[in-house]
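Worksheet for the structure shown next.
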Amino acid sequence: MWMKAVRTAVLAAVMGLVAGGALAQAPKPGGTLNLIVQPEPPTVMLGINKLGPVSFVGGKIYEGLITLGLDLKPLPSLAKSWEISPDGLTYTFHLQEGVTWHDGKPFTADDVVFSFTEFLPKVFARTKAAMDRTSSITAPDAKTVVFQLKQPFPALMMVFDVTGGTIVPKHIYAGTDYQKNPANQTPIGTGPFKFKEWRKGAFIQLVKNENYWQKGKPHLDALYFHIVPDANGRSIAFETGKVDVLRGGDVENFEVRRLGELPNVAITDKGWEFYDPIAFLNVNNRNKPIDDVRFRRALMHAIDKNFVVNTIFAGFGKPVDGPFTTVTPFNDPAVLTRYPYDPKKARALLDEMGLKPDASGVRAELRLMPLPYGETWQRYAEYVRERLVDIGIKVKMEAVDVPGWVQRLTTGDFDISFNFVYLLGDPAMGITQTYVSTNQLNRGTAANVDGYNNPEVDKLLGQADTSADPAERKRLYAEVQKILSNDVPVIWTHQMGFPTLYRTKVKNLITTGLGLNETFADVWIDRK
Amino acid sequence: MTEIATRLVRNAVGVAGLVFLLLLVVLALAAPLLYPGDPWRMVGSPQLPPLSPGFPLGTDALGRDVAAGVVHGARISLLIGLVSSLCAVVIGTCLGAVAGYFGRWIDDLIMRFTEFFQTIPSFMLAIVLVAIFSPSIGSIVFAIAIVSWPPVARLVRAEFLSLRSRDFVKAAVVGGQSPLRIIFRQILPNAFSPIIVTGSLMVASAILLESALSFLGLGDREFVTWGFMIGAGRTMIRQAWWLSAFPGIAIFLTVLALNMFGQGLNDALNPRLARKGRA
């Protein structure tokens, strides 16, 4: 009796604390959130275009079956629950009740089947590659969708987020030319915000979806995505309070540090766990002397990754020695060959190759293509050039614009190029496409543009990507990391930090691994 | 000649410009002695403010010496300014002389050709040319020369048109001199003074043009130039004003000095015009 009383009292106290905490954090409805979208997207119809700014805006209008937590665990979105059969071949999704499109039509399993069998494979290579692994996608009833696979593919869950698996309305798109459908101008989704107005060069306005399937959400009345083409202008917009959030990349990293010191402003590098960006130098393994692994190892030793992270990227990010980052699943740093900053060792490796310096100290001459994504990348290129000159490699810097960079990188017309890619929550997504020998040129910038060719790696990746056993996958991917870090197909420098700046009055801004591409159904503004 | 020199020396503004330019040339020539090695090298801690020990103008985001960049940048700016202006003057003079001397359809043809270049915004054309031929010292000089010659051609043509009808030219024609000889030995020497003045002012605009190209990232990435330094420092102006301020001051002073010198030269070469101008 006494025990029970104590227990009740403790329980009551705990509940009181919990309730009190919850009350203090109860979302306040209403308000408008001002953001920046940079650069201005070509469209906000996320189905047909998967660029960063399109995902950012379109992620509020459209939804995927699931979203991914900060730990990359799948969380419900349009699917309220799912089962994966023990053999890893059958994925069954149960859809939410009472979901309607922004035009009032009901959302059903037919929309999901249409999206994955017809729409997405036609417009997005990543989703097509995943759907090619299915033998059937069916809807046994209006609220259930079943994906049947030919062989296990545990990374499948990573294509069901809002970008890889945008669910589009069948009643609008079936039988039309998706890219040219006039409805793309007035996108219809299931998300918490509806498209209202797009004043080109000024802003995109979304408003609250009153009939959103999560009752009581979204908390905000409207979202404005302002378009400010100049980096200094974006800084000022944040400083003056015109906008309350800056995405990673909106302003240069060194500006983030300064703006982060303003009162009531916070910085976070959360919200990129799914994208998991890693920066490296693409080196063309087809060209001499890069084809010699000793040369590539010399490059690894020639660059001070700590300087790159701390000085050039203003302390955002972490140096890496191999193809995985600390957030990539199956990351195993123990197997990696280490390449500490050591110009002497780099020179020794070049000497060993027989690349002796000539009268003016030059051992080899290479072309270097900076990434045309702003000043930070230009400084980075200048730094690398200076480091390479230091070990006797003369570098010709070739300034290119973005289309030029894409064109030359994807056709193999380069010696060294800067790049960063997303690893997308599973090695089978981001790692395989970067190192497998069958995915080389004319397949986008996140491919094996370097021409790295190792049948052993191809075989291991093929096995690991299609194994249903996590322990087996861990072992295989560890072997892959060991070989890759020994072969140095690219010069890895760091896992990138994309800091988000926001005013602390904006609550629940980043809650999942999709970060700012999330729906914002839970975001609210604390107004005194 | 001595008379011209005397008049130039008496012109305080022109002398000031000349003195500054001479100093700049000396500085540019002495750059490898003052700051040996590549100015791209990282020599200090990043972001040192001006007047830091060893770095009078501070260092940039990677720890490169701003003073070394400004001094080495002077070489490139002066080199590009002089060579491209010289090219433009040669092209413009040749075309203008031929048009002005022969007149009729040759004149029409060359002037329409000149107008073709004049109707295209020169900076846009320069950007396009540099982008097509990929940025290098050579392509930048070429682009600046191509967009700068039309005013020279028009000027020389006008001079030739007026000089063409003078008695000494007629005498030379009657005397049986070849057109080429008349152009170069009779008329051109008499048209020299406006050409020189235009040319000296053109150096200033060439330096500005090169700086603007470098600012946009279309400079030769092998060399540090003032425009590049401003362009690179621009985004950091809130953190490190000195990165763009010092090369900016260098461009400002150089262009000012060139204009002052050009004006002084003009006054010295055309004393009557100068006096009229002042009256």
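The values are calculated or read from the model by the stated rules, or taken from the named source; none is laboratory data. Note that this is a predicted model, so its numbers are computed, not measured. When we count neighbours, we look across all protein chains shown, and the Cβ atoms used for this are built from the backbone with ideal geometry, even at glycine.
Filter segment A:220-234 down to residues that are more than 14 Å from chain B (Cβ to nearest Cβ) and either over 11 Å from A:I36 (Cβ atoms) or touching an Asp or Glu at 6+ places or on another chain (Cβ under 7 Å) (or both) and give me whichever is surrounded by the fewest Cβ atoms within 10 Å (Cβ to Cβ).
A:D221
Go through segment A:477-493 and give me each residue that's at negative phi and buried (at least 21 other Cβ atoms within 10 Å of the Cβ).
Start the filter on segment A:477-493 by keeping residues that are at negative phi, which leaves A:477-487, A:489-493.
Those that are at negative phi and buried (at least 21 other Cβ atoms within 10 Å of the Cβ): A:Y477, A:V480, A:Q481, A:L484, A:S485, A:P489, A:V490, A:I491, A:W492, A:T493.
Looking for whichever is in contact (Cβ under 8 Å) with a residue 24 or more places away in the chain, closer than 27 Å to A:D103 by Cα and in contact with a helix residue (DSSP H, G or I) (Cβ under 9 Å, 6 or more places away or on another chain) here; the options are A:Y224, A:Y178. Which one fits?
When all the criteria are applied, what remains is A:Y178.
Right, B:V141: assigned to a helix (DSSP H, G or I), away from every other protein chain (no Cβ under 14 Å) and of a type in the set (A, V, I, L, M, F, W, C) or not?
yes
Identify the single condition in (1) on the phi < 0 side of the Ramachandran plot; (2) in contact (Cβ under 8 Å) with a residue 24 or more places away in the chain that A:D291 does not satisfy, given that it satisfies every other one.
Result: A:D291 fails condition (2) only.
Quickly run through segment A:235-259 and pick out the residues that are under 27 Å from A:V384 (Cβ atoms) and either within 14 Å of chain B (Cβ to nearest Cβ) or more than 19 Å from the chain's Cα centre (by Cα) (or both).
A:S235, A:G249, A:D250, A:V251, A:E252, A:N253, A:F254, A:E255, A:V256, A:R257, A:R258
Does B:F215 satisfy being within 14 Å of another protein chain (Cβ to nearest Cβ) and aromatic (F, W, Y)?
yes
How about segment B:224-262: which of its residues are under 27 Å from A:V251 (Cα atoms), of a type in the set (F, W, Y) and either in contact with a His (Cβ under 8 Å, 6 or more places away or on another chain) or more than 14 Å from chain A (Cβ to nearest Cβ) (or both)?
B:W226, B:W242, B:F246 - these are the residues of segment B:224-262 that are under 27 Å from A:V251 (Cα atoms), of a type in the set (F, W, Y) and either in contact with a His (Cβ under 8 Å, 6 or more places away or on another chain) or more than 14 Å from chain A (Cβ to nearest Cβ) (or both).
Could you tell me whether segment A:349-364 includes any residue that is within 14 Å of another protein chain (Cβ to nearest Cβ), among the small types (G, A, S) and more than 30 Å from A:G513 (Cβ to Cβ)?
Yes, that holds for at least one residue.
If you check A:V436 against the conditions, is it at pLDDT 90 or above, surrounded by fewer than 23 Cβ atoms within 10 Å (Cβ to Cβ) and away from every other protein chain (no Cβ under 14 Å)?
Answer is yes for this residue.
Can you tell which of A:P154, A:P140, A:P169, A:P121 is more than 28 Å from A:V57 (Cα to Cα), in contact with a Lys or Arg (Cβ under 9 Å, 6 or more places away or on another chain) and not acidic (D, E)?
A:P154
Does A:V293 satisfy being farther than 29 Å from B:Q239 by Cβ and away from chain B (no Cβ under 14 Å)?
Details: farther than 29 Å from B:Q239 by Cβ: yes; away from chain B (no Cβ under 14 Å): yes.
Spelling it out, A:V293 is indeed farther than 29 Å from B:Q239 by Cβ and away from chain B (no Cβ under 14 Å).
Being away from chain B (no Cβ under 14 Å), crowded, with 23+ Cβ neighbours inside 10 Å and not β-branched (V, I, T) is the requirement here; does A:A266 meet it?
No.
Sort out which residues of segment A:75-113 are among the basic types (K, R) and in a loop (DSSP other than H, G, I, E, B), and write them in order of number.
A:K105
Restricting to segment B:164-178, what's the tally of residues that are under 24 Å from B:N266 (Cβ atoms) and not in a helix (DSSP H, G or I)?
The number of residues fulfilling the criteria is 1.
Looking only at segment A:332-344, filter to residues that are closer than 23 Å to A:F418 by Cα and away from chain B (no Cβ under 14 Å); which one of those is surrounded by the fewest Cβ atoms within 10 Å (Cβ to Cβ)?
Result: A:R338.
For B:V197, all conditions in the list (1) at the interface with chain A (Cβ under 10 Å from one of its Cβ atoms); (2) in contact (Cβ under 8 Å) with a residue 12 or more places away in the chain hold save one; what is the number of the exception?
For B:V197, the exception is condition (1).
How many of the residues making up segment A:474-502 are in a strand (DSSP E or B), among the hydrophobic types (A, V, I, L, M, F, W, C) and under 21 Å from A:V421 (Cβ atoms)?
Qualifying residue count, segment A:474-502: 4.
Would you please name the residue that is farthest from the other protein chains (Cβ to nearest Cβ), looking only at residues in segment B:23-66 that are aliphatic (A, V, I, L, M) and either in contact with a strand residue (DSSP E or B) (Cβ under 9 Å, 6 or more places away or on another chain) or not in a helix (DSSP H, G or I) (or both)?
Residues of segment B:23-66 aliphatic (A, V, I, L, M): B:23-31, B:33-34, B:42-43, B:48, B:51, B:57, B:61-62, B:66.
Filter once more, keeping what is either in contact with a strand residue (DSSP E or B) (Cβ under 9 Å, 6 or more places away or on another chain) or not in a helix (DSSP H, G or I) (or both): B:42-43, B:48, B:51, B:57, B:61-62, B:66.
Numbers: B:M42: 6, B:V43: 10, B:L48: 13, B:L51: 22, B:L57: 18, B:A61: 5, B:L62: 5, B:V66: 14 Å.
Going through the qualifying residues, I end up with B:L51.
A quick yes/no check of all residues on (1) out of contact with any strand residue (DSSP E or B) (no Cβ under 6 Å at 6 or more places or on another chain); (2) under 30 Å from A:P340 (Cβ atoms):
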{"position": "A:D426", "(1), (2)": "yes, yes"}
{"position": "A:E456", "(1), (2)": "yes, yes"}
{"position": "A:L460", "(1), (2)": "yes, yes"}
{"position": "A:A471", "(1), (2)": "yes, no"}
{"position": "A:W492", "(1), (2)": "no, yes"}
{"position": "A:P499", "(1), (2)": "no, yes"}
{"position": "A:R527", "(1), (2)": "yes, no"}
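Can you confirm whether segment A:16-33 contains a residue that is at pLDDT 95 or above and not charged (D, E, K, R)?
So far as segment A:16-33 goes, yes, one or more of its residues are at pLDDT 95 or above and not charged (D, E, K, R).
Being aliphatic (A, V, I, L, M), over 27 Å from A:P76 (Cβ atoms), surrounded by fewer than 19 Cβ atoms within 10 Å (Cβ to Cβ) and modelled with pLDDT under 95 narrows it down to one of A:A183, A:A174, so name that one.
A:A183 is the lone residue from the list that is aliphatic (A, V, I, L, M), over 27 Å from A:P76 (Cβ atoms), surrounded by fewer than 19 Cβ atoms within 10 Å (Cβ to Cβ) and modelled with pLDDT under 95.
I'd like to know if segment B:67-82 contains one or more residues that are surrounded by 16 or more Cβ atoms within 10 Å (Cβ to Cβ) and within 14 Å of chain A (Cβ to nearest Cβ).
Within segment B:67-82, one or more residues are surrounded by 16 or more Cβ atoms within 10 Å (Cβ to Cβ) and within 14 Å of chain A (Cβ to nearest Cβ).
Would you point out the residue of segment A:296-320, among those that are part of a loop (DSSP other than H, G, I, E, B) and over 14 Å from A:D342 (Cα atoms), that is farthest from the other protein chains (Cβ to nearest Cβ)?
A:V320
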